[in-house]
1. Please enumerate the residues belonging to region 49-67 that are hydrophobic (A, V, I, L, M, F, W, C), surrounded by 20 or more Cβ atoms within 10 Å (Cβ to Cβ) and under 18 Å from Gly5 (Cα atoms).
2. One residue is enough: does region 73-80 have a residue meeting the conditions at pLDDT 95 or above and either among the charged types (D, E, K, R) or in contact with a strand residue (DSSP E or B) (Cβ under 6 Å, 6 or more places away or on another chain) (or both)?
3. Would you check if Phe63 is assigned to a strand (DSSP E or B), of a type outside the set (S, T, N, Q) and either in contact (Cβ under 8 Å) with a residue 12 or more places away in the chain or touching a Lys or Arg at 6+ places or on another chain (Cβ under 9 Å) (or both)?
4. Condition test on Thr40, is it in contact with a Phe, Trp or Tyr (Cβ under 6 Å, 6 or more places away or on another chain) and outside any loop (DSSP other than H, G, I, E, B)?
Amino acid sequence: MLKGGIYIYPQTKSYPEGKLRLTYECNPIAFLAEQAGGMTTDGPGNRILEIQPKSIHQRVPFFTGSIDMVKRAEKYMQINM
């Protein structure tokens, strides 16, 4: 988080809702990343830790990393959608 970097698992045609599970995979990583000074979103700008699960295995797109890089990736995703 200190020097930048980003991890992205976006939605795809075969997985339009994303592939990582919100409750089991995204929330724990999001908590750690935000405690370390980073940022986590689902791409369109929704903070991962604020998404209310609709089902136990709900899947979401996942963007985590330094704040600057995540914001840059979100901007890129908006331009290309």
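1. Listed by number, the residues that qualify are Phe62, Phe63.
2. no
3. Taking the combined requirement at face value, the residue satisfies it.
4. no
Results for (1) loosely packed, with under 13 Cβ neighbours inside 10 Å; (2) part of a helix (DSSP H, G or I), shown as yes or no for each residue.
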{"residue": "Lys13", "(1), (2)": "yes, no"}
{"residue": "Pro28", "(1), (2)": "yes, yes"}
{"residue": "Phe31", "(1), (2)": "no, yes"}
{"residue": "Glu34", "(1), (2)": "no, yes"}
{"residue": "Met69", "(1), (2)": "no, yes"}
{"residue": "Lys75", "(1), (2)": "yes, yes"}
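The values are calculated or read from the model by the stated rules, or taken from the named source; none is laboratory data. Please read these numbers as outputs of a predicted model, since none were measured by experiment. When we count neighbours, we look across all protein chains shown, and the Cβ atoms used for this are built from the backbone with ideal geometry, even at glycine.
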